[in-house]
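Let me begin by presenting the structure, written as structure tokens, before commenting on it.
The values are calculated or read from the model by the stated rules, or taken from the named source; none is laboratory data. Please read all numbers here as calculations on a predicted model, not as lab measurements. Cβ: placed from backbone, ideal geometry, glycine included. Neighbour counts: every protein chain shown. With ligands, DNA and RNA removed, areas are computed over all heavy atoms of the protein, side chains included. Shrake-Rupley method; radii C 1.70, N 1.55, O 1.52, S 1.80 Å.
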Amino acid sequence: MTGYAFCGSFCTLKYALAEMEKLIEAGVEIQPIVSERVATTDTRFYKAEDFLSRVEKSAGRRAALTITESELFGKAAPLEELIISPCTGNTLAKIANGITDTAVTMAAKAHLRCDRPLLIALASNDSMSQNLKNISTLLLRRSVYFLPLSQDDPLGKPHSLVAKFEKMTDGYSEMKCGRQLRPLFV
């Protein structure tokens, strides 16, 4: 089973959800994990309840929403792979620095302590400033892969990078083979 975790880059949730649904259509069994913020925050993009309902209906199972539920993905109910899509800069920094205070960071910690593959679809406005060191830290870590990244608005948001969500199927396939999808920066 593959874990698919959603973090609060609210403007990219629709892309991440569409890619999860494509994986499901391709036969991938998904265990959804939804950050507390996504599960409880209504935005102009989604009402929290509607988003969670669609995720769970698509996956055919209840989403893990708490640290306690996500801790099971270590040894008790291990996932084969974990995807974090979208992954915020905040979550990326926590994973890179060993901070475990959300359902998603606990799922990542439980998963990575056994060196199982993690695919990150980053969406962060500070990727090429404060978070650049965290990207490099995780690029050096065994079993961590990134979807290709590009600047979504080089003039308006010069430090921002967003994953090429449409590359999810290719990134997932490469991760399963132990390879980073290239080019990383497009």
| For Ala63, are the conditions met, namely being more than 17 Å from Ala110 (Cβ to Cβ), open to solvent by less than 80 Å² (accessible area, probe 1.4 Å) and among the small types (Gly, Ala, Ser)? | no
| field | Looking only at the stretch 97-122, and only at residues there that are among the aliphatic types (A, V, I, L, M) and not in a helix (DSSP H, G or I), the one that is most open to solvent (accessible area, probe 1.4 Å) | value | Ile99
| request: Filter the stretch 154-179 down to the residues that are without any contact (Cβ under 8 Å) to a residue 40 or more places away in the chain and under 18 Å from the mean Cα position of the chain (by Cα), then identify the one that is most open to solvent (accessible area, probe 1.4 Å). | output: Arg179
| field | Any chance Phe51 is closer than 18 Å to Thr88 by Cα, aromatic (Phe, Trp, Tyr) and open to solvent by less than 50 Å² (accessible area, probe 1.4 Å) | value | yes
| Qualifying position, being at pLDDT below 95 and crowded, with 17+ Cβ neighbours inside 10 Å, among Asn90, Asn125 | Asn125
| Top-ranked residue in the stretch 13-43 [being in contact (Cβ under 8 Å) with a residue 12 or more places away in the chain and over 20 Å from Glu81 (Cβ atoms); ranked as most open to solvent (accessible area, probe 1.4 Å)] | Arg37
